[in-house]
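Worksheet: one structure, shown below.
The values are calculated or read from the model by the stated rules, or taken from the named source; none is laboratory data. Computed from a predicted structure; not experimentally measured. Quick reminder, even Gly has a Cβ in these numbers, built from the backbone with ideal geometry, and neighbours come from all protein chains shown. Side chains included, ligands, DNA and RNA excluded: accessible areas come from the protein's heavy atoms. Shrake-Rupley method; radii C 1.70, N 1.55, O 1.52, S 1.80 Å.
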Amino acid sequence: MKSVTKSLLILVITTLSFTVSAQNKMQSLDELINTTDPAWPLIQKWVDSAKNKVEVLGFDSVSAKNALFNAQVSTYSSLGAVIYNSGGIMVDNGWLRILGSGNERLNRSVPEWNKGKSIKEFGDKPDYLLVADDAVGGFFAINYGAFGEDLKAIYYLAPNSLQWESLGLGYTEFIRFCFDSDLSAFYKGLRWSTWNKFIAKLDGSKSYSFQPYLWTKEGMDIEKCSRKLVPTEQLFQFVLTNQRELVQKSPAEPQKN
């Protein structure tokens with residue numbers, strides 16, 4: 001009996017030690033909030049001088065702290081700074097949405113959006129991290145090994161190919177790209193002629209779904225496609241499902257000359 005009791009006690013102690021050890025892997029807010037050299041002042045300068053229309057969304061300080069802690073990134077980094085100092089950033093009237101700590105107009109924080117997708121629990125090390133998306137159903141992610149050897153590069157899941165494509169940019173460079181690049185050129189073929197009339201009041205947690213699908217031959221001309229707004233969550237899962245189906249079908253399909 002004593003042996004059994006002792007074994008149970010050892011098991012409980014071991015379990016508690018493991019739990020404490022796991023919790024200790026999560027850095028505290030004090031460790032994550034950089035007060036000597038935060039990245040946000042520099043990002044704010046880029047916002048002020050941006051060539052594209054950029055709007056920094058307001059945020060709740062409690063939500064910002066929770067998001068930063070759950071994301072486990074420092075405000076010394078651009079990603080941490082965006083999470084901690086914004087509810088998100090809207091570019092081109094909200095066509096492109098950079099995730100932060102969440103806002104009524106963009107009701108998704110970086111860690112919450114990734115939970116159940118790239119991570120199971122907060123504090124997990126992801127293979128990729130979703131950080132932005134757009135109104136046409138494209139998604140941007142930081143590569144941590146899922147897509148290739150170019151770690152920390154931004155990849156774009158294009159709605160007209162369903163392929164993760166490297167932009168050759170890190171997250172900080174991606175922010176500058178969103179603020180100052182020619183987005184019309186980047187989105188060539190993915191913007192219909194009257195797109196800007198529909199975007200200004202668009203809920204940042206919704207995106208457009210198209211028929212025929214943009215990745216099909218019939219959907220190559222977006223002007224001829226019908227569109228409807230759907231939850232971005234629903235569209236992401238739909239895109240992943242179709243991506244897997246295309247990968248499975250590709251080897252079996254005969255080559256056409």
query = Counting only residues that are in contact with a Phe, Trp or Tyr (Cβ under 9 Å, 6 or more places away or on another chain) and either among the small types (Gly, Ala, Ser) or over 13 Å from residue 131 (Cα atoms) (or both), how many does segment 103-119 have?
reply = 2
query = If we keep just the residues of segment 57-67 that are in contact with a helix residue (DSSP H, G or I) (Cβ under 8 Å, 6 or more places away or on another chain) and open to solvent by 70 Å² or more (accessible area, probe 1.4 Å), which is nearest to residue 124 (Cα to Cα)?
reply = 65
ask   = Is one or more of the residues making up segment 153-176 closer than 23 Å to residue 44 by Cα, out of contact with any strand residue (DSSP E or B) (no Cβ under 7 Å at 6 or more places or on another chain), in contact (Cβ under 8 Å) with a residue 60 or more places away in the chain and open to solvent by 10 Å² or more (accessible area, probe 1.4 Å)?
value = yes
key: Count of residues meeting criterion [open to solvent by less than 60 Å² (accessible area, probe 1.4 Å) and either under 14 Å from residue 138 (Cβ atoms) or out of contact with any helix residue (DSSP H, G or I) (no Cβ under 9 Å at 6 or more places or on another chain) (or both)] in segment 205-214   = 5
ask   = Of the residues in segment 57-67, how many are of a type in the set (Gly, Ala, Ser) and assigned to a loop (DSSP other than H, G, I, E, B)?
value = 1
query = Taking only pairs six or more apart or across chains, which ones have beta-carbon atoms under 6 Å, a first residue in segment 123-143 that is farther than 16 Å from residue 107 by Cβ, and a second residue that is open to solvent by 10 Å² or more (accessible area, probe 1.4 Å) and β-branched (Val, Ile, Thr)?
reply = 126/119
key: Checklist (1) buried (at least 24 other Cβ atoms within 10 Å of the Cβ); (2) within 14 Å of the chain's Cα centre (by Cα); (3) in contact (Cβ under 8 Å) with a residue 40 or more places away in the chain applied to residue 108, failing item   = (1)
query = Got a number for residues in segment 106-116 being in contact with a strand residue (DSSP E or B) (Cβ under 7 Å, 6 or more places away or on another chain) and either among the charged types (D, E, K, R) or in a helix (DSSP H, G or I) (or both)?
reply = 4
inquiry  = What pairs come out if I take residues in segment 84-105 that are without any contact (Cβ under 8 Å) to a residue 24 or more places away in the chain and part of a strand (DSSP E or B) and pair them with residues that are of a type in the set (Ser, Thr, Tyr) and open to solvent by 10 Å² or more (accessible area, probe 1.4 Å) whose C-beta lies under 6 Å away, six or more apart or interchain?
reply    = none
request  = Check residue 231 against each of (1) over 22 Å from the mean Cα position of the chain (by Cα); (2) under 20 Å from residue 133 (Cα atoms) and name the one condition it does not meet.
outcome  = (1)
task = Kindly check whether there is at least one residue in segment 190-201 that is within 20 Å of residue 139 (Cβ to Cβ), open to solvent by 60 Å² or more (accessible area, probe 1.4 Å) and modelled with pLDDT under 95.
result = yes
task = Looking only at segment 68-83, decide whether some residue is open to solvent by 70 Å² or more (accessible area, probe 1.4 Å), among the hydrophobic types (A, V, I, L, M, F, W, C) and either without any contact (Cβ under 8 Å) to a residue 24 or more places away in the chain or farther than 24 Å from residue 200 by Cβ (or both).
result = yes
